[in-house]
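This report refers to the structure that appears directly beneath it.
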Amino acid sequence: MSTTLTIEVPVHFHRTGHGSRKEMRSGADTPALPPGRVPRVSRLMALALRLDELVRTGQVASYRELATMGHVTRARVSQIASLLHLAPDLQEALLFLPLTVRGRDPIILADLMPIAAAFDWRKQRRLWRQLLPT
(Lines give C-alpha, C1' and ligand atoms only; values in the text may rest on other atoms or scores of the structure.)
Protein backbone atom coordinates (compact mmCIF):
# COMPACT_ATOMS: atom_id res chain seq x y z
CA MET A 1 0.00 0.00 0.00
CA SER A 2 1.56 3.24 -1.12
CA THR A 3 0.07 6.63 -0.54
CA THR A 4 0.21 9.21 -3.29
CA LEU A 5 1.50 12.57 -2.14
CA THR A 6 0.99 15.70 -4.24
CA ILE A 7 2.95 18.87 -3.59
CA GLU A 8 1.91 22.08 -5.30
CA VAL A 9 4.40 24.94 -5.44
CA PRO A 10 4.23 27.99 -7.71
CA VAL A 11 7.21 28.05 -10.07
CA HIS A 12 8.29 31.01 -12.17
CA PHE A 13 10.78 30.90 -15.04
CA HIS A 14 13.01 33.92 -15.49
CA ARG A 15 15.33 34.66 -18.39
CA THR A 16 18.56 36.30 -17.40
CA GLY A 17 19.30 37.78 -20.82
CA HIS A 18 18.83 37.40 -24.56
CA GLY A 19 19.58 33.82 -25.65
CA SER A 20 20.42 32.67 -22.15
CA ARG A 21 19.09 29.71 -20.26
CA LYS A 22 15.96 29.94 -18.22
CA GLU A 23 16.26 29.94 -14.48
CA MET A 24 13.62 28.33 -12.32
CA ARG A 25 12.58 30.27 -9.27
CA SER A 26 10.07 29.07 -6.75
CA GLY A 27 7.25 31.32 -5.68
CA ALA A 28 8.13 31.06 -2.02
CA ASP A 29 11.27 32.50 -0.52
CA THR A 30 13.51 29.47 -0.24
CA PRO A 31 16.98 29.55 1.25
CA ALA A 32 19.74 29.53 -1.32
CA LEU A 33 21.43 26.20 -1.91
CA PRO A 34 25.14 26.03 -1.22
CA PRO A 35 27.23 26.36 -4.38
CA GLY A 36 28.54 23.19 -5.94
CA ARG A 37 27.32 19.76 -6.93
CA VAL A 38 27.21 16.37 -5.28
CA PRO A 39 30.25 14.32 -6.35
CA ARG A 40 29.51 11.51 -8.78
CA VAL A 41 30.86 8.81 -6.43
CA SER A 42 28.44 10.01 -3.75
CA ARG A 43 25.55 9.57 -6.15
CA LEU A 44 26.87 6.16 -7.22
CA MET A 45 27.16 5.05 -3.58
CA ALA A 46 23.56 6.06 -2.97
CA LEU A 47 22.54 4.23 -6.14
CA ALA A 48 24.41 1.09 -5.04
CA LEU A 49 22.55 1.10 -1.71
CA ARG A 50 19.22 1.56 -3.49
CA LEU A 51 19.92 -1.23 -6.01
CA ASP A 52 20.88 -3.57 -3.18
CA GLU A 53 17.65 -2.75 -1.35
CA LEU A 54 15.59 -3.46 -4.47
CA VAL A 55 17.17 -6.89 -4.90
CA ARG A 56 17.09 -7.80 -1.19
CA THR A 57 13.41 -6.92 -0.80
CA GLY A 58 12.48 -8.84 -3.92
CA GLN A 59 11.12 -5.84 -5.80
CA VAL A 60 13.58 -6.75 -8.56
CA ALA A 61 14.63 -10.33 -9.22
CA SER A 62 18.34 -9.77 -9.93
CA TYR A 63 21.08 -7.34 -10.77
CA ARG A 64 20.77 -8.53 -14.35
CA GLU A 65 17.18 -7.31 -14.39
CA LEU A 66 18.32 -3.98 -12.94
CA ALA A 67 20.84 -3.62 -15.76
CA THR A 68 18.13 -4.28 -18.32
CA MET A 69 15.77 -1.81 -16.67
CA GLY A 70 18.49 0.85 -16.45
CA HIS A 71 19.67 0.33 -20.05
CA VAL A 72 23.23 -0.33 -18.88
CA THR A 73 25.46 -3.38 -19.03
CA ARG A 74 25.64 -5.95 -16.27
CA ALA A 75 29.29 -4.99 -15.89
CA ARG A 76 28.32 -1.39 -15.08
CA VAL A 77 25.82 -2.52 -12.46
CA SER A 78 28.53 -4.77 -11.04
CA GLN A 79 30.94 -1.82 -10.84
CA ILE A 80 28.40 0.25 -8.97
CA ALA A 81 27.44 -2.64 -6.68
CA SER A 82 31.12 -3.21 -5.82
CA LEU A 83 30.91 -0.09 -3.67
CA LEU A 84 28.84 -2.18 -1.26
CA HIS A 85 32.03 -4.10 -0.40
CA LEU A 86 33.52 -1.00 1.21
CA ALA A 87 33.63 -0.73 4.99
CA PRO A 88 30.51 0.95 6.38
CA ASP A 89 32.40 4.04 7.54
CA LEU A 90 33.88 4.46 4.05
CA GLN A 91 30.42 4.16 2.52
CA GLU A 92 29.24 6.89 4.86
CA ALA A 93 32.26 9.05 4.00
CA LEU A 94 31.42 8.68 0.30
CA LEU A 95 27.82 9.70 0.89
CA PHE A 96 28.89 12.85 2.72
CA LEU A 97 31.78 14.05 0.56
CA PRO A 98 31.93 17.84 0.30
CA LEU A 99 30.28 19.44 -2.71
CA THR A 100 32.43 19.96 -5.79
CA VAL A 101 32.41 23.68 -6.47
CA ARG A 102 34.62 23.83 -9.53
CA GLY A 103 36.38 21.42 -11.84
CA ARG A 104 36.58 17.66 -11.60
CA ASP A 105 35.66 15.55 -8.62
CA PRO A 106 38.71 14.75 -6.48
CA ILE A 107 37.67 11.07 -6.15
CA ILE A 108 36.42 8.95 -9.04
CA LEU A 109 35.03 5.43 -9.22
CA ALA A 110 38.22 4.04 -10.75
CA ASP A 111 40.09 5.17 -7.60
CA LEU A 112 37.66 3.25 -5.41
CA MET A 113 37.65 -0.06 -7.29
CA PRO A 114 40.97 -1.32 -5.84
CA ILE A 115 39.86 -0.28 -2.35
CA ALA A 116 36.56 -2.16 -2.69
CA ALA A 117 38.47 -5.21 -3.93
CA ALA A 118 40.43 -5.41 -0.65
CA PHE A 119 38.74 -7.85 1.74
CA ASP A 120 40.22 -6.46 4.95
CA TRP A 121 38.46 -3.30 6.16
CA ARG A 122 41.67 -2.11 7.88
CA LYS A 123 43.46 -2.27 4.53
CA GLN A 124 40.53 -0.46 2.90
CA ARG A 125 40.79 2.33 5.47
CA ARG A 126 44.54 2.62 4.92
CA LEU A 127 44.05 2.84 1.12
CA TRP A 128 41.24 5.38 1.66
CA ARG A 129 43.50 7.64 3.74
CA GLN A 130 46.10 7.53 0.96
CA LEU A 131 43.44 8.44 -1.61
CA LEU A 132 42.04 11.47 0.23
CA PRO A 133 43.13 14.82 -1.20
CA THR A 134 45.41 16.79 1.07
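The values are calculated or read from the model by the stated rules, or taken from the named source; none is laboratory data. The model shown is predicted, which means the values in this text are computed figures rather than measured ones. Heads up, the Cβs are rebuilt from the backbone with ideal geometry, glycines too, and the neighbour counts pull from every protein chain shown.
In the range 114-131, how many are touching a Pro at 6+ places or on another chain (Cβ under 8 Å) and either surrounded by fewer than 12 Cβ atoms within 10 Å (Cβ to Cβ) or at pLDDT below 95 (or both)?
0
Does Thr100 count as of a type in the set (Val, Ile, Thr) and modelled with pLDDT under 95?
Judged against the criteria, Thr100 is a match.
Note down all Cβ pairs under 6 Å where the first residue falls in the range 34-59 and is under 25 Å from Arg104 (Cβ atoms), the second is in a strand (DSSP E or B) and of a type outside the set (Asp, Glu), and they're at least six residues apart or on different chains.
Gly36/Thr100; Arg37/Thr100; Pro39/Thr100
Could you tell me whether the range 124-132 includes any residue that is part of a helix (DSSP H, G or I), out of contact with any helix residue (DSSP H, G or I) (no Cβ under 8 Å at 6 or more places or on another chain), within 16 Å of Leu44 (Cβ to Cβ) and charged (D, E, K, R)?
No, the conditions are met nowhere in the range 124-132.
Being charged (D, E, K, R) and surrounded by 13 or more Cβ atoms within 10 Å (Cβ to Cβ) is the filter here, so list the residues in the range 94-110 that pass it.
Passing the criteria: only Asp105.
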